[in-house]
Structure formats: structure tokens, C-alpha cells
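A short write-up of the structure that comes next.
The values are calculated or read from the model by the stated rules, or taken from the named source; none is laboratory data. Just so it is clear, the structure is predicted and the values come from calculations on it, not from any experiment. All Cβ positions, even for glycine, are placed from backbone atoms using ideal geometry, and neighbour counts span all protein chains on display. Remember, those area values only see protein heavy atoms, side chains included, never the ligands or the DNA or RNA. Shrake-Rupley method; radii C 1.70, N 1.55, O 1.52, S 1.80 Å.
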Amino acid sequence: YQPNEVIGQSTRIFYPDDESYKGFGSAVTKALDQGHSNIRMEQVLIRKNGERVWTEIHSTFWFSNNQLSQIISVIRDITERKQVELKLQESKDRYRRLVEESPDIVYSFSDIRGGCHYSARVQSILGYSPDYLLEHPMVWHDSIHPDDLEKVDRAINALKDGQQFDIEYRIQDMHGNWHWFRDRSIAQWQKGDET
């Protein structure tokens with residue numbers, strides 16, 4: 001069973017990331033071996049003019065006397081959706097690089113869950129890895145100097161009313177040393193979510 005039986009001789013196939021998809025036929029064989037009666041896969045079709053078209057293929061297998069007799073496929077053009085997804089991923093990657101390479105600590109905080117995200121810089125300053133802080137979401141808050149804690153809590157509560165904050169306070173690292181921080185909010189409060 002060859003791909004061009006479905007898509008015509010004018011198009012050849014370029015398979016994306018999944019190296020296990022060497023061809024439509026091998027995808028069908030794999031699905032049948034696993035006992036599936038249909039498959040869904042994404043492929044890039046390359047037209048004669050070199051244009052690449054992302055497609056989504058849904059195929060259903062029909063059997064006669066326990067033998068595969070037909071494969072009915074619907075091929076849908078998803079190029080526009082994939083282009084949007086790729087642009088979104090590029091934007092996320094740029095944002096992540098910007099955050100991770102910043103000399104500052106970038107973090108988000110939830111009034112329900114505590115700390116939700118910490119950039120890698122936090123480890124070189126406070127000694128805690130981002131993963132550790134996510135596993136112990138109140139460590140940041142609990143490490144604030146007792147004399148500064150009321151000020152910080154007041155700023156967080158004011159953020160709920162739409163007031164941005166720009167405050168300074170002390171926070172203790174994992175070795176017991178105190179650091180002065182200037183903490184500025186850069187987002188709006190979302191109830192039950194991140195600041």
C-alpha cells in the first residue's frame with residue numbers, strides 16, 4: 001500500500017519529527033499490528049512547485065473475512081493552524097530565553113498554590129533550585145524577613161485590587177544569608193491564579 005494511491009502522483013511526502021513514520025503504509029501496518037481500526041496522523045505534503053502543505057489524515061480500516069479490504073482516508077489541510085502553532089511556539093521560546101537569561105529572578109505567585117514558576121537565576125542567588133521551590137511553594141514567602149512580611153502581604157493584597165507594587169524587602173537564602181530584593185509586579189492579578 002503506497003501513499004500515492006491516496007494523494008496522487010503529483011505530491012511526494014515529507015515526514016515531520018516522528019522518525020517512526022517512514023511512510024503511510026508503515027503507519028497502517030503499525031496500527032494494524034496494535035489492533036487499531038483507524039489512525040490519525042499529521043504529514044507535510046510537498047507539491048510539485050515545492051510548496052509544503054501540512055495535512056491531517058484520518059484513516060479507517062475495513063475488513064472482509066478477517067482481511068483488510070479497504071482503507072478510507074480523509075485528508076484535511078491544516079497548514080494555517082500549524083503556522084499559527086509554530087509562531088506561538090517560537091514566541092514561547094523567545095520569551096523563555098528572555099526569562100532564563102535575565103540577571104533577575106522572574107517568578108509567578110498564586111494566592112492558592114504559592115510559587116508557580118521561578119527562573120533559573122533563583123538558584124545562583126538563593127541556593128534553591130526552581131524544582132525545589134515548586135515542590136515547596138511557600139518557601140519564598142516563608143523566607144521573607146519577619147519585619148518585611150507585613151509590607152509584602154499588603155502589596156500582594158493591593159495587587160488583587162489592581163494596584164501594581166514596587167517594594168524592597170529582605171529574603172533569606174538556603175544558607176541563612178539575607179538578601180535585599182527589589183520586587184516589581186509586571187502582571188495583573190487573576191483570582192486563584194498567578195500574579
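Placing 75, 144, 105 in order of accessible area, with the largest value first and a 1.4 Å probe, yields 75, 105, 144. Here the mean projected area of the convex hull built on the C-alpha positions of segment 53-195 is 14.1 nm². Solvent-accessible surface of segment 62-186, averaged per residue with a 1.4 angstrom probe and all protein chains in place: 69 square angstrom. Taking each residue as 0.36 nm, the span from residue 87 to residue 145 lengthens on full extension beyond its C-alpha to C-alpha distance by 16.6 nm. Taking amide H positions as modeled 1.01 Å from N, with prolines and chain starts lacking one, the residues under 5 Å from residue 78 and 5 or more places away or on another chain are 54, 55, 56.
Estimated from the Cβ-Cβ distance and a Förster radius of 41 angstrom, the FRET efficiency linking residue 67 and residue 96 is about 0.20.
Does a label point 7 Å from the Cα of residue 134, set along Cα-to-beta-carbon, have any residues of segment 52-91 with amide nitrogen under 20 Å, and which are they? From segment 52-91, the list is 89-91. Ranked by solvent-accessible area (1.4 Å probe, protein heavy atoms only, all chains present), the residues 62, 54 order from largest to smallest as 62, 54.
Sorting 178, 140 by solvent-accessible area of protein heavy atoms yields 178, 140, largest first, with a 1.4 Å probe. Each residue of segment 165-176 was assigned a 3J(HN,Hα) from its phi angle through the Karplus expression (A = 6.51, B = -1.76, C = 1.60, θ = phi - 60°), giving 10, 8, 10, 10, 7, 9, 9, 9, 7, 5, 9, x Hz with x at Gly and Pro.
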